[in-house]
Amino acid sequence: MNLKKLIAFRAVLESNSITGAADKIGLTQSGVSRLITSLEQELDFPLFNRIKGRIQITSRGESFFQEIEPLLSGIDQIPNLARQVKQHQYSRLRIITLNSLAHSLVPMALNKFCQKHPHANISITIKSRRELLHWERGEHFDVALASLPFEQRVFRKKSFISFPAVIAISASHSLNKKKHIHVKDLHNENLISLEPTGIFQTSIRKKLQENNIEPIFKIQTTSMLQSAQMVENNIGIAIIDPFIGHIIKNKKVIIKRLNPQIYFDYAYIWPEGRELSALAEEFIIELKKTANSIAKIK
């Protein structure tokens, strides 16, 4: 489909006349009319009704415009993008991350990163581990964040933080009298469960079984942040990473160390066969600094 036809269509719609559209895009009236007629023939439905010399967009024409308008707006940005590239002002960082990191470490690390790179264009996509494991080569990104172990041969991976899980408890809970919480203290306690087959919950269940502990699992969620928010609403206890703990702790939620400690690793991964971009490497530096400053739970 010829781009000129779409541009002419938008110009007619915005000008509400062939004459106005012709002036706007620098064509003759007959030239605009031919483009619109050709586009309608290609689409096999009318874009405008011609009533007594005036034009009015059809319902199908309106629907079609709503679909193509974002595309045309993107094309409008090309000259500005080219100018930024020419002036070395344009840089792009595409991040894929787990839900928990998207609500904790990522925005905190971006705080410093964006100060150093004010012109960087950043996109963040939240995916589950399962989605990352089924990643398709056609999907482009610069760096992804995931928990280890991560068995996917098309990725290279490197841990950026090893940390012990912590426990979030309501300020009104009796266990808050203890300085540190032992897994044995969780017997018959209402423990909010994460995804049963996930790495985090699997390791927690294993540690509980090793200590012959049987907590009560009434609620299950795939979101670590939501599990912490449930603690805030006095629904139960949650075992979480210290980064979610950092953003959720307040007068209602207390974060404590869990003994014996259960260690996990978060890693950054990128497609096999290429190196990390300079921008991705700088983001990882800020991510490491942020993670290490928070993970030191006393």
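Just so it is clear, none of the values below were taken in a lab; they were calculated from the coordinates. Remember, it's a predicted structure, so these values are computed and weren't measured experimentally. Neighbour counts are summed over all protein chains in view; Cβ atoms, including those assigned to glycine, are modelled from backbone coordinates with ideal geometry.
Given R₀ = 51 Å, what would the calculated FRET efficiency be for Gln209 paired with Asn2, taking r from the Cβ atoms and rounding to 0.05? With a Förster radius of 51 Å, E is 0.20. Under 20 Å between alpha carbons, and skipping anything fewer than 8 positions from Lys127 in its own chain: which lysines qualify? Answer for Lys127, where 20 Å is the Cα cut-off: Lys157, Lys158, listed by chain and number. Within segment 262-298, find all residues whose amide N lies under 20 Å from a label point positioned 7 Å from the Cα of His182 along Cα-to-beta-carbon. Within reach of a label on His182: 262-263, 298. Out of all DSSP beta bridges with both ends in the chain, state the antiparallel percent to the nearest 5. Of all bridge pairs located within the chain, approximately 60 percent are antiparallel.
How far is the Cα center of segment 201-232 from the Cα center of segment 142-158, in Å? Between the Cα centres of segment 201-232 and segment 142-158 lies a distance of 25 Å.
Counting only other residues whose beta carbon sits under 15 Å from that of Tyr268, what net charge do I get with K and R as +1, D and E as -1?
Charge balance in the 15 Å sphere: +2.
In the chain, Cα pairs under 8 Å separated by at least six residues give a relative contact order of 21 percent. For the pair segment 242-266 / segment 10-30, the C-alpha centres are spaced 61 Å from each other.
For the chain, with only Lys/Arg (+1) and Asp/Glu (-1) charged at the beta-carbon, what is the dipole magnitude about the Cα centre, in debye rounded to 20? Kindly include the intermediate steps, with their values, before the conclusion.
Values: 41 positive and 27 negative charges, 203 e Å.
For this selection, approximately 980 debye.
Springs between Cα atoms under 10 Å define the GNM used for the chain, and in it the highest mean-square fluctuation of Asp265, Asp241, Asp44 occurs at Asp44.
Length available on full extension from Tyr263 to Phe45: 0.36 nm per residue minus the Cα-Cα distance, which gives 72.3 nm.
Give, as a single signed number, the net charge of other residues whose beta carbon lies under 9 Å from the beta carbon of Ser193, with Lys and Arg counted +1 and Asp and Glu -1.
On the way: positive: Arg205, Lys218; negative: Glu195.
Cβ neighbours under 9 Å give a net charge of +1.
Tally Lys and Arg at +1 and Asp and Glu at -1 over the other residues with C-beta under 12 Å from the C-beta of Gln41: what net charge comes out? Provide the component values of the computation, followed by the final result.
Values: positive: Lys5, Arg34; negative: Glu40, Glu42, Asp44.
With Lys, Arg at +1 and Asp, Glu at -1, the neighbours total -1.
The lysines within cross-link reach of Lys179, meaning a Cα-to-Cα straight distance under 18 Å and a gap of 8 or more places when in the same chain, are Lys249, Lys251, Lys252, Lys256, Lys296, Lys298.
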